[in-house]
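Peer 1: To start, I am sharing the structure in question, which I have written as structure tokens.
The values are calculated or read from the model by the stated rules, or taken from the named source; none is laboratory data. For clarity, every value in this text was computed on a predicted model and none was experimentally measured. Backbone-built Cβ (ideal geometry, glycine too); neighbour counts: all protein chains shown. Note: accessible area is taken over every heavy atom of the protein model, side chains too, but ligands, DNA and RNA are not part of it. Shrake-Rupley method; radii C 1.70, N 1.55, O 1.52, S 1.80 Å.
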Amino acid sequence: LLGAEVSLDLVEEMIRGSRETFEGQAYDVGWIRQQCIPSEDEFMTMLRKKTGWYTGRGPCTAGAIIAGADSDLRTHIGDFGEAMAIAFQIRDDLLNLSASEQDAGVAPGITSGAYGKERGGDIAEGKRTLIIIDLLRKCSPTEQDEVLKILHAERQLNTTEEIERVIALVEHYECDRYAEEVCMIKARESLAYLQKIPANPARDTLGEMLDFLVQRAF
């Protein structure tokens with residue numbers, strides 16, 4: 001048994017994590033419904049609240065609470081998890097553009113490049129990603145109109161040619177390269193937080209997980 005104090009800490013952490021995740025999801029879905037393009041800062045806030053919490057900070061902090069870690073250690077492990085999750089999400093968005101048709105039915109893998117979703121699916125769904133935000137601030141007004149028309153259209157109305165057109169613009173303006181750089185920054189940030197934790201086999205395992213999730217991005 002965990003005891004009353006630890007159990008209460010876990011419940012409070014779950015409540016906070018749920019609230020942050022719901023807020024992040026509301027941003028994510030709301031931007032699509034309202035046909036709004038967020039700034040990069042707004043997008044990163046959404047990532048921190050959504051993926052950063054439910055994939056990273058929340059589970060890592062919960063594990064630290066169960067292990068009896070003090071408040072400083074909980075903070076370090078939570079910061080590690082959040083930065084790792086953000087790097088992972090950006091990597092995931094990049095993989096969505098590089099996936100081939102052969103990858104569509106294959107589970108994701110660190111070396112195979114497999115993704116498990118169709119190429120450009122995020123674009124077809126109108127998802128706001130760091131890649132798209134960077135593209136819209138770099139491309140010409142005419143190209144912006146073209147990209148926005150595709151993003152705002154119903155998924156089933158977007159053609160393969162239109163999706164490929166957006167991907168070509170992403171590559172032309174090197175928006176994928178920019179997203180890769182941000183992914184690497186967050187991965188290194190995550191590693192720096194991890195190194196604040198005393199050396200032990202568990203820390204090594206977390207480092208391997210970070211390396212796996214961002215596919216050796218640092």
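Peer 1: For region 1-96, what is the relative contact order in percent, using Cα pairs closer than 8 Å and at least 6 residues apart in sequence? Show your work: numbers first, answer last.
Peer 2: On the way: 86 pairs, mean separation 29.0, N = 96.
Normalised by residue count, the contact order of region 1-96 is 30 percent.
Peer 1: Okay, next question. So if I take the alpha carbon set of the chain, get Rg, then get Rh from the Kirkwood formula, what is the Rg over Rh ratio? Provide the component values of the computation, followed by the final result.
Peer 2: Values: Rg = 18.8 Å, Rh = 18.5 Å.
When Rh is taken as the Kirkwood radius, the ratio is 1.02.
Peer 1: Averaged per residue, what accessible surface does the chain expose to a 1.4 Å probe, in Å²?
Peer 2: Values: 11520 Å² over 218 residues.
Roughly 53 Å² per residue, with all protein chains present.
Peer 1: Hey, got the dipole for region 1-64? About the Cα centre, +1 on K and R Cβ, -1 on D and E Cβ, debye to the nearest 20? Write out the running numbers ahead of the final one.
Peer 2: Values: 7 positive and 10 negative charges, 38 e Å.
Result for region 1-64 is approximately 180 debye, rounded to the nearest 20.
Peer 1: Can you compute the equivalent ellipsoid semi-axes for region 158-218, i.e. the square root of 5 times each eigenvalue of the Cα gyration tensor, sorted largest first and rounded to whole Å? Walk me through the numbers on the way to the answer.
Peer 2: Numbers: eigenvalues 247, 29, 9 Å².
For region 158-218, the ellipsoid semi-axes come out as 35, 12, 7 Å.
Peer 1: May I pose another question? Which percent of the accessible heavy-atom area of the chain goes to carbon and sulfur, probe 1.4 angstrom? Kindly include the intermediate steps, with their values, before the conclusion.
Peer 2: Values: 6240 of 11520 Å².
In the chain, the share of accessible area belonging to carbon and sulfur is 54 percent.
Peer 1: At 7 Å along Cα-to-Cβ for each site, give me the label-to-label distance between residue 160 and residue 35 in nm.
Peer 2: For the pair residue 160/residue 35, the computed spacing is 2.8 nm.
Peer 1: With a/c under 1.5 counting as rounded, go ahead and sort region 7-91 into rounded, prolate or oblate using the C-alpha gyration tensor (a ≥ b ≥ c being the square roots of the eigenvalues; past the cut-off, prolate if a/b is larger than b/c, else oblate). Walk me through the intermediate numbers first.
Peer 2: Working: a/c = 3.30, a/b = 1.94, b/c = 1.70.
Cα axes put region 7-91 in the prolate bin.
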